[in-house]
Each structure stands twice: as C-alpha cells, then as structure tokens.
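Here's the structure, in structure tokens; my notes come after.
The values are calculated or read from the model by the stated rules, or taken from the named source; none is laboratory data. No experiment lies behind these values; they were computed from the predicted model shown. Here the Cβ positions follow ideal geometry from the backbone for every residue, glycine too, while neighbour counts run over all protein chains shown. For accessibility, only protein heavy atoms count, side chains too; no ligands or nucleic acids. Shrake-Rupley method; radii C 1.70, N 1.55, O 1.52, S 1.80 Å.
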Amino acid sequence: FTVGIATQRVSMRYEAMDGMFAGSVPADGPLVALLKSGTGLSVVDAAGHYKTHSFGLVGSSSALARLVQQCR
C-alpha cells in the first residue's frame, strides 16, 4: 500500500469463499494511519504478478474513524 512516498507492506491471503485477498491490520496501526494521511492510494503485490490498482482517499480519514468507532 503506497500513499505518496510512504509504503506499508501487509501479508495477504486469498479468501476463496469471497474471491478476494485479505490481510489483518490493527485499527491503530501504521496502515490505517497511512490511509488517513493522503489523497490517493496505490496497491501492488510485491512479486509484481498483478497490475497496480489506484484509489482515491478523499473522505477516508473520517470514514475509517467511524469504522473503528463502530468496531469497539
């Protein structure tokens, strides 16, 4: 996960039932802080098997804060 020049690596696993990749990260950890800090996110796998995906982060800080609040 890259925002600007900052990068956080997260081990992901394939969830066959959902057909998605998932990883576990703490709500107060560096990845969530990174997602709150910028306006755009790029996601790429370390091995380079998949194309890079980019997402906007406008509003992510308040959305993540609400999500964390609901999970406590």
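Structure data summary
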read-out	value
Options Ser42, Ser37, Ser24; residue that is modelled with pLDDT of 90 or more, within 25 Å of Gln70 (Cα to Cα) and of a type in the set (S, T, N, Q)	Ser24
Unique residue being modelled with pLDDT under 90, among the charged types (D, E, K, R) and open to solvent by 90 Å² or more (accessible area, probe 1.4 Å) when the list is Arg9, Arg72, Arg66	Arg72
Any hit, segment 17-39, residues being open to solvent by less than 50 Å² (accessible area, probe 1.4 Å) and in a strand (DSSP E or B)	yes
Subset tally (residues that are out of contact with any Leu (no Cβ under 7 Å at 6 or more places or on another chain) and assigned to a loop (DSSP other than H, G, I, E, B)) for segment 43-72	12
